[in-house]
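This report refers to the structure that appears directly beneath it.
The values are calculated or read from the model by the stated rules, or taken from the named source; none is laboratory data. Predicted model only: the values in this text are computed from it and were never measured. Note that each Cβ is placed from the backbone with ideal geometry, even for glycine, and that neighbours are counted across all protein chains shown.
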Amino acid sequence: MKNIPLPILIALAAFIIAMGVFVVTTDAVAYAGTHAETCNNCHVMHPMYENYYHAAHQRAAECADCHLPHENLVAYWFEKGRQGAHDVYVFTTGTTPELIRANEHSQEIIQHNCIRCHEETVESIVMGPQAFDRNCWDCHRDVAHGERGMSTSSFQDSTTYPVK
Amino acid sequence: FMKNNPPAERAFEPLVEIAAMEPDSSKWGVNFPNQWNSFQKTETNNIDTTYAGSSKFSWLERDPRQKILFAGYSFSKEYNDDRGHMNALEDVRAIKRLNLNDEDPKHTPATCYSCKSSNNPSLWDEMGMETYDAMTFNEMTPNIEYSIGCANCHEADTMRLIVTNPALENALKAQGKDWTTFTRQEMRTVVCANCHVEYYFAGPDNYLTFPWENGTRIDQIIEYYNELGFKDWEYPETGTPALKAQHPEYEFFTAGSTHYNAGVSCSDCHMPYVSDGAAKYSSHDVHSPLINPEQSCGQCHTDVEYVIRRVNLIQDQVAETKIATEDAIIDAINAIKIAAANPDADAALLDQARQLHREAQFMWDFLSAENSTGFHNPEYALKICADATNLARQAQMLAAQSVNDMSLLATDTYYAPAPTP
Amino acid sequence: FMKNNPPAERAFEPLVEIAAMEPDSSKWGVNFPNQWNSFQKTETNNIDTTYAGSSKFSWLERDPRQKILFAGYSFSKEYNDDRGHMNALEDVRAIKRLNLNDEDPKHTPATCYSCKSSNNPSLWDEMGMETYDAMTFNEMTPNIEYSIGCANCHEADTMRLIVTNPALENALKAQGKDWTTFTRQEMRTVVCANCHVEYYFAGPDNYLTFPWENGTRIDQIIEYYNELGFKDWEYPETGTPALKAQHPEYEFFTAGSTHYNAGVSCSDCHMPYVSDGAAKYSSHDVHSPLINPEQSCGQCHTDVEYVIRRVNLIQDQVAETKIATEDAIIDAINAIKIAAANPDADAALLDQARQLHREAQFMWDFLSAENSTGFHNPEYALKICADATNLARQAQMLAAQSVNDMSLLATDTYYAPAPTP
Ligand SMILES: [Ca+2]
Ligand SMILES: [Ca+2]
């Protein structure tokens, strides 16, 4: 301790305090977790949260169960960091697209997760020499995020004005 | 804290108080800058799509058959595609269809302002629609200052959607319906029916009326006009008591279209929610959804490219079939003209021919004047084409029979004109 | 298990070995009891829906216009609604359309077995389709033991879906397509095209052929038959070189229907997944999806009631418009008959009338023989009605012109028969 110059000590302490405050006020640790409510912190995720909440999987799965790879911990944490950094970057730079859509990479992850949980059910239909070339949600259009149009319904209950 | 307040108090905090039926939208805009800003964009929008869009292109030039189909009626003078709501006043005042000679018994009445201005709700409130409609267009002009605005759709103190046009209120009543019991989602369609509907002027005092007493389906509307013996004009040389259909988007869309039956409203497609940073609001920049399909369709259809390709296919199919129907009607018109010029024509057969011409043309127009090139209800559009073509051909056959002249059966006379009478 | 095994090894562990093209489905059923059990249900299914279903009701009785429309052709003798796959053999052998007199040059050829039996793949493999088709129905009968079965759709060792009918292989090749490159989802539609397609017998040896060289849309098929100068029969008294359309479900569905364009396959609706305990499998009990809409439509459309109401509306609209088209064609037929009986008729005009009658009737039949009452492609169905009605009326007018006889313009002659020649 003695060898460390005081200004640096102060700076270090300040940094630690600042980080602490940052972590406490922004609840950064939560982002390492899997609570659906955490994703919902970002208001742009609100429609997805809202209609996930009303869909079939709310009792069964959290966002990360579908949206992050689960074959091993490395893949899981790498993808979590990568996606998180991407989302935060897009969000803070204000370049959030009007229409958020899962990209192909995400779709692949999701598909693997459907099969991971439902392996027994789909065993006989995905087998065979030809690849099972469609996404589960081509048919199960509502199981993950509820009925179509629900993404906007949360806004239709606008609080801007009362209804007589 | 939101959750603890009773709903009534969850309302907006108005910056300024808006008088009931305030015609000046910019005053409302102080409280609702997003809605007002987007609304103003309707004035300068100029983007066209394949079949529609926001420029003022001429239908008579784009499809010269329509010059023939509206011959003798004001629509053959000028008929343009519609533009944004902020242009309504400018456009109605500039159109060559007006007859501003008040001495002429056929002068344009004040009724033509009914769907063009936010001054109307307060004017109707003050003088009543009967008095309003009995005035001439010229007489009304000084009272009309603003184009369409907030007061045409909203109640000032609550901002809820309301029926502002007494003609709509009457038409709903005639069907035993009370709009104050409608749900919010229903109002998101009905509010457009203040204007986007087929109408006619009843009686000598031009009382604005929607022909819905028997219902809003095409056969019910034709039945209504037939019972009434109403005609918009007499088609020149054929003597047909012709009807003009005007923008029946509401009737067309609600006639069992897939979207209407699924609970989708006009506003879902034409006024999608858009975001301003954090806040979402309804875009008041009302125009073709094909200009911003991600917002308009994307909230419900994940594959936006797919639905756009689909719209193209539907519209191409309808446009092609519609032209075939027009050609058939023109063949009928040319035949009836020759028959009508013949003093020896069988009057009963000729009248039957005219009646079928009247119905075929109204059916075609119902589809044509509906501005989505069939998309609002594709199957209805094509069924109407099938029925109208069948009637037009039968009209032509009756005309030929009435004068016993085979040359009247010539087809494609639009391309190779038949000998004139 | 998915990730670690190479695809080929992910396959099932067969209990018994199945020979290539094994015609006996019960042998395959040892390995796949769920599929085999559900497949057997197609034999006893008897449930009807509003417009279709699995009973053997007569079309000629349900819509007697068809007796007139098919007059002079075998279809006017007996024409029933289709039933489940296990009945195909019984039904083809019992139908009054057969001509089992091998001395008659118009005897029924073996080709009529092409789509009715699981014996075919191995027979085609042994003797080639040319030899097969050159035989008579009677000659082939001893070789045919089983109705449709696993071998018509699956490759025995891999269970993948394959094209088994050489006519389909040829037709795809003529379009420059190679089915072995198709994806699994594509095969879930193409496998039905082994049979659910329009076909004709080419040449004196009745070679089974699909008329797809120009494409599979209705105008392209008509063009193909016109170029070939092909006719199925000559319509009696009118002399029209008439065409019969047969079950073009594949061509109809793939002509830009909303479901096809969205990537939905025949199997998605007609062979939905059903579950047996934990595992799910494709139901091989193929029939109208309206019998079990929860399974057939319910995964994609959560509001099953809505889509069912929608099917009803689509089918009602199509059925009504289709009848109007039939009436127009019958008017044309009655007019052409009278004209054709007249030795002074203008031959050129009369031939034009016949050509339009031929096309109108084939268009109508294309829609009518397609078994979904328009649902597979509602807009296409209605556009076809509009076009066919237009042509039928023009045929009628030409017939009247050819003999200069106004009485031939009588309409609704189906209801009030026109005077016979
Ligand atoms: Ca426009
Ligand atoms: Ca059937």
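Could you count how many residues in segment B:203-220 are touching a strand residue (DSSP E or B) at 6+ places or on another chain (Cβ under 9 Å) and crowded, with 16+ Cβ neighbours inside 10 Å?
Adding up the residues that qualify gives 6.
Which ones in segment C:337-358 are within 25 Å of C:Phe252 (Cα to Cα) and surrounded by fewer than 22 Cβ atoms within 10 Å (Cβ to Cβ)?
C:Gln355
In segment B:100-132, which residue that is of a type in the set (A, V, I, L, M, F, W, C) and away from ligand 1 (no atom under 16 Å from the Cβ) is farthest from the other protein chains (Cβ to nearest Cβ)?
Within segment B:100-132, the match that is farthest from the other protein chains (Cβ to nearest Cβ) is B:Leu100.
Quick check on my filter: what residues within segment B:148-189 are outside any loop (DSSP other than H, G, I, E, B) and touching a residue at least 60 places away in the same chain (Cβ under 8 Å)?
Listed by number, the residues that qualify are B:Cys150, B:Ala151, B:His154, B:Gln185, B:Glu186, B:Arg188, B:Thr189.
If you check B:Asp327 against the conditions, is it over 27 Å from the mean Cα position of the chain (by Cα) and away from ligand 1 (no atom under 16 Å from the Cβ)?
So B:Asp327 fails the test.
Could you please find all residues in segment B:196-232 being in contact with a Ser or Thr (Cβ under 8 Å, 6 or more places away or on another chain), closer than 19 Å to B:Asp365 by Cα and part of a loop (DSSP other than H, G, I, E, B)?
Answer for segment B:196-232, where residues must be in contact with a Ser or Thr (Cβ under 8 Å, 6 or more places away or on another chain), closer than 19 Å to B:Asp365 by Cα and part of a loop (DSSP other than H, G, I, E, B): B:Tyr199, B:Thr216.
Take the conditions away from ligand 2 (no atom under 16 Å from the Cβ), within 14 Å of chain A (Cβ to nearest Cβ) and in contact with a helix residue (DSSP H, G or I) (Cβ under 6 Å, 6 or more places away or on another chain) and apply them to B:Ile336. Does it pass?
No.
Does C:Glu326 count as closer than 16 Å to C:Arg393 by Cβ and of a type outside the set (S, T, N, Q)?
Criteria met by C:Glu326.
Just to confirm my filter: which helices (runs of 4 or more DSSP H) fall fully inside segment B:247-340 and include at least 2 residues that are farther than 30 Å from A:Thr93 by Cα?
In segment B:247-340, B:249-254, B:258-261, B:266-270, B:304-340 are the helices (runs of 4 or more DSSP H) which contain 2 or more residues that are farther than 30 Å from A:Thr93 by Cα.
Scan segment B:373-386 residue by residue and report those that are in a helix (DSSP H, G or I) and touching a helix residue (DSSP H, G or I) at 6+ places or on another chain (Cβ under 6 Å).
B:Pro378, B:Glu379, B:Ala381, B:Leu382, B:Lys383, B:Ile384, B:Cys385, B:Ala386
With the requirement that a residue be in contact (Cβ under 8 Å) with a residue 60 or more places away in the chain, more than 8 Å from every other protein chain (Cβ to nearest Cβ) and of a type in the set (A, V, I, L, M, F, W, C), what does segment C:287-316 give you?
Within segment C:287-316, C:Leu290, C:Ile291, C:Val311 qualify.
Any idea which of A:Pro69, A:Pro97 is in a loop (DSSP other than H, G, I, E, B) and at pLDDT 85 or above?
That would be A:Pro69, the only listed residue that is in a loop (DSSP other than H, G, I, E, B) and at pLDDT 85 or above.
Across segment A:114-132, what is the total count of residues that are assigned to a loop (DSSP other than H, G, I, E, B) and at pLDDT 90 or above?
The number of residues fulfilling the criteria is 1.
Could you tell me whether C:Val264 is among the β-branched types (Val, Ile, Thr) and either free of Cβ contacts under 8 Å to residues at least 40 places away in the same chain or within 16 Å of ligand 1 (Cβ to nearest atom) (or both)?
yes
Considering C:Arg62, C:Arg93, C:Arg97, which residue is out of contact with any His (no Cβ under 8 Å at 6 or more places or on another chain), away from chain A (no Cβ under 14 Å) and within 15 Å of ligand 2 (Cβ to nearest atom)?
After applying the criteria, what remains is C:Arg62.
Which residue pairs have Cβ atoms under 6 Å apart, sit 6 or more places apart or on different chains, and have a first residue in segment A:70-90 that is away from every other protein chain (no Cβ under 14 Å) and a second that is in a helix (DSSP H, G or I) and among the aromatic types (Phe, Trp, Tyr)?
Correct list of pairs: empty, since none qualify.
Counting just the residues of segment B:360-387 that are of a type in the set (D, E, K, R) and away from every other protein chain (no Cβ under 14 Å), which one comes out nearest to ligand 1 (Cβ to nearest atom)?
Top of the filtered list is B:Glu370.
Take C:Glu227 and decide whether it is over 19 Å from the mean Cα position of the chain (by Cα) and without any contact (Cβ under 8 Å) to a residue 24 or more places away in the chain.
Judged against the criteria, C:Glu227 is a match.
Say we look at segment C:123-139 and pick out the residues that are acidic (Asp, Glu) and without any contact (Cβ under 8 Å) to a residue 60 or more places away in the chain; which of these is farthest from C:Ser25 (Cα to Cα)?
C:Glu139
Quick one: which residue in B:Phe39, B:Phe70 is more than 30 Å from B:Ala134 (Cβ to Cβ) and modelled with pLDDT of 95 or more?
B:Phe39
Return the residue satisfying two criteria in turn: it lies in segment C:65-90 and is closer than 14 Å to C:Val286 by Cα and either of a type in the set (A, V, I, L, M, F, W, C) or away from ligand 2 (no atom under 16 Å from the Cβ) (or both), and of such residues it is farthest from the other protein chains (Cβ to nearest Cβ).
Looking at the filtered set, the residue picked out is C:Ala88.
Go through segment B:256-268 and give me each residue that's surrounded by 22 or more Cβ atoms within 10 Å (Cβ to Cβ) and away from chain A (no Cβ under 11 Å).
B:Cys266
Contact list please: Cβ distance under 9 Å, first residue in segment C:107-122 and among the basic types (Lys, Arg), second residue assigned to a helix (DSSP H, G or I), pairs at least six apart or on different chains.
Every condition considered, the pairs that remain are C:Lys116/C:Ala88; C:Lys116/C:Leu89; C:Lys116/C:Asp91; C:Lys116/C:Val92; C:Lys116/C:Arg93.
Of everything in segment B:269-286, what is of a type in the set (D, E, K, R) and away from every other protein chain (no Cβ under 11 Å)? Give them in sequence order.
B:Asp276, B:Asp285 - these are the residues of segment B:269-286 that are of a type in the set (D, E, K, R) and away from every other protein chain (no Cβ under 11 Å).
For segment C:132-147, give me each residue that is part of a helix (DSSP H, G or I), over 22 Å from the mean Cα position of the chain (by Cα) and hydrophobic (A, V, I, L, M, F, W, C).
The answer is C:Ala134, C:Met140.
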